[in-house]
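These notes concern the structure reproduced below.
The values are calculated or read from the model by the stated rules, or taken from the named source; none is laboratory data. Just so you know, these numbers come straight off a predicted model, no measurement behind them. As a convention, Cβ positions derive from the backbone with ideal geometry for all residues, glycine included, and neighbour counts pool all protein chains shown.
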Amino acid sequence: MFAQIEKLGAHTIQIFEEFGRLLMFLGQVIFSVFSRPFGFRDLVKQIAFIGARSMPIILLSGLFTGMVLALQFYDVLARFGSVDLMGSAVSLSLIQELGPVMTALMIIARVGSATCAEIAIMRSEQQFDALTCMAISPFRYVMVPRLLAAIISIPLLTAIFNLIGIVGGYIVGVFIKDLSGTAYMQTIIDTITWSDLRMSIVKSFLFAIIIIWISMGKGFFVHLEKGVSGAEAVGRVTTKAVVASAITMLFADYIASSFLI
Amino acid sequence: MSISDKDSTDKDITDQNSTDSDTLININHLSSAYGDRQVLNDINLSVEQGEILVIMGGSGSGKSTLLRNMLGLMQPSSGEILFEGKNICHVNKSEMLKLRRKMGVAFQGGALLSSLSVGDNIKLPLRQHTDLDENTINIMARLKLELMSLANFEDLMPSELSGGMLKRAGLARAVIMDPKILFFDEPSAGLDPVTSVELDQLILQLRTAMNMTIVVVTHELESAFTIADRIAVLFDGELVTTGTVDEIKNCTDERVINLINRTPREMKIDADKYLSRLTKGAS
Amino acid sequence: MSFDCSEHLHYKVLHLTGEVDLSNSSKVRQCLLDILNKGKSVIVDFSELIYIDSSGMATLVEGLNIAKKGGLTLTIAGANGAPMQVLELTRLNQVFTIVDAVSDIGE
């Protein structure tokens, strides 16, 4: 029995160690944002990867999410005779919650995993050691462009998700459920306030930091994974990064919602 | 975090220059550990200006750890490493950056950045640290590529290169700024004998033509005997001996003899413990 | 490092003294390009040069290229010691015309 408690204790200590390391990592990345020279070209490259190339997946998932929301809300609202409120229901759900969260999940799947794997492989191939020996800060050169690109791209992608979701809802509402298009749009304009938009922006900004921080951090410390090395280690940290980002993001979602609603 | 540039004040800058002006690196009582595991024990070694020093040892002897300490990639648990008289374990960040620009490091697998072409990889230190004209940078990079017989590979990506080519590209990058000291981690590993010999000749030429001090970490005997001015032999984390090629060949220490003759270590075993290890868990 | 220019017949002579490296090769480059842009062939005098690094070599290569394109010449004179070894290592001794002394160059 004591062995079990020991194991639990060791595991808990390990979790705290990892978390502490990740926090220090985040601190070092943020600190490096202000160091020169600034890698503008790398930033643009990363914005292209994180932002531009995520567009197809965001457009598709946004569209389908909006369409499903419309179907679901129609069913519920019909029972209360309030189907004309569909526009505001769909848009509020998207803007306050589903937009930021779904966008974050799509980005975790696409960008989080790729970034973690890429950085883990860089670590395994001693590329960070090489940068350090060339007197180039790995934080400034590799991490900062990714952090800034995420902060710039993800809120924009969230906004696009919201918009296309509203369009999806419109398509279902107007063309399938025969609602008035004008009424749909009008309820949206009447209902959505600045504080709703603010919630979307704050959440997406927060999620952006969480996703890129955890993905990069997990990859960066791949050499400290116990019991594995090489390709297996890369696979393991990538999985861990995706899961950890998702759970941390959802937790942050709850905290943000409780403060901002 | 393995990055060890400390933001501390400039203490312990011992001025070795007055007495040992030819000594580039002084390692004094260096000990290093990974957690509980002691990897290096009380190492004392110097690297003289203009020499080719080969650090040799079998697997697990601690030579990679010694190299990492010398490069400032990890902090020792005790002891000091003086580079041009400055203790790199206590030097501040900007001072460390200045020292690093005098060092070139060729890593085992090349360690090229995967997102840059071969040419851009080699030009990276120049673009980051100098104001040289782009034309000058291009010609410098191509001169090094020609030296490494990689002339037509400038625009390829690292993923398109073989292991040997990656190594040579990594070496080209390591010497692009004509560093004062070049560190080479396992140059011959994974190379065919012909390329290995060519690389040895290149190392000798670099020293002569560019007045470079070169530290090579390797376990390849032929290579070591060809290029070394001095050889330092490590065994189980201890520095067994240092000497010229002839001195090492004539050394009477059993561990050195075994290394040179490539005889497997004759381990004296405790029969009871050995049996119990073999039969652990058996009913 | 110092450098100065003089004339020899119809050539401009660039005397390099000391060490040419990253810290000063840009100045040499500027001087060399100025001479070539004025349409003069160049002799680079290595006799008092102790050391030249890749940036210095690259500058000379660029100069040679520009000279050839403009129908001019760039000759190296008096290379010895480490600079000569660098020329051999980089095989540039087969690319540049190298003479023993400036005075060896006739019309």
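Residue by residue, here is whether (1) under 30 Å from residue A:118 (Cα atoms); (2) buried (at least 17 other Cβ atoms within 10 Å of the Cβ); (3) of a type outside the set (Asp, Glu) holds:
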| site | (1), (2), (3) |
| --- | --- |
| A:37 | yes, no, yes |
| A:61 | yes, yes, yes |
| A:86 | no, yes, yes |
| A:96 | no, yes, yes |
| A:104 | yes, yes, yes |
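Taking the numbered list (1) at positive phi; (2) within 14 Å of chain C (Cβ to nearest Cβ) in turn, residue B:203 passes all entries but (1).
Just one of the listed residues (C:41, C:25, C:2, C:47) is under 15 Å from residue C:77 (Cβ atoms), in contact with a Ser or Thr (Cβ under 6 Å, 6 or more places away or on another chain) and of a type outside the set (Val, Ile, Thr), namely C:41. At least 3 residues being more than 14 Å from chain B (Cβ to nearest Cβ) and under 15 Å from the mean Cα position of the chain (by Cα) is the threshold, and among the helices (runs of 4 or more DSSP H) wholly inside segment A:22-136 those reaching it are A:55-79, A:99-107. Pull up segment B:136-167, narrow it to residues that are outside any helix (DSSP H, G or I) and either within 12 Å of another protein chain (Cβ to nearest Cβ) or out of contact with any Lys or Arg (no Cβ under 8 Å at 6 or more places or on another chain) (or both), then point me to the one that is nearest to residue B:222 (Cα to Cα). In this case the residue turns out to be B:148.
Just wondering, is there one or more residues in segment C:38-47 that are within 10 Å of another protein chain (Cβ to nearest Cβ) and either under 26 Å from residue B:147 (Cα atoms) or at pLDDT 90 or above (or both)? Checked segment C:38-47: no residue is within 10 Å of another protein chain (Cβ to nearest Cβ) and either under 26 Å from residue B:147 (Cα atoms) or at pLDDT 90 or above (or both).
Pick from segment B:172-198 the residues that are more than 14 Å from chain C (Cβ to nearest Cβ) and under 15 Å from the mean Cα position of the chain (by Cα): which of them is farthest from residue B:24 (Cα to Cα)? Per the stated criteria, the residue is B:189. Scanning segment C:9-37 for residues that are within 14 Å of another protein chain (Cβ to nearest Cβ), hydrophobic (A, V, I, L, M, F, W, C) and closer than 14 Å to residue C:67 by Cα yields C:31, C:32, C:33, C:36. Comparison of B:247, B:266 shows that the only residue that is modelled with pLDDT under 85, over 22 Å from residue B:64 (Cα atoms) and assigned by TED's automatic domain parsing to the domain that holds residue B:55 is B:266. Evaluate the following for residue B:24: is it buried (at least 17 other Cβ atoms within 10 Å of the Cβ), modelled with pLDDT under 95 and closer than 26 Å to residue A:131 by Cα? For residue B:24, the condition - buried (at least 17 other Cβ atoms within 10 Å of the Cβ), modelled with pLDDT under 95 and closer than 26 Å to residue A:131 by Cα - is met. Scanning segment C:84-97 for residues that are facing chain B (nearest Cβ under 9 Å) and touching a Leu at 6+ places or on another chain (Cβ under 9 Å) yields C:86, C:89, C:90, C:91, C:92.
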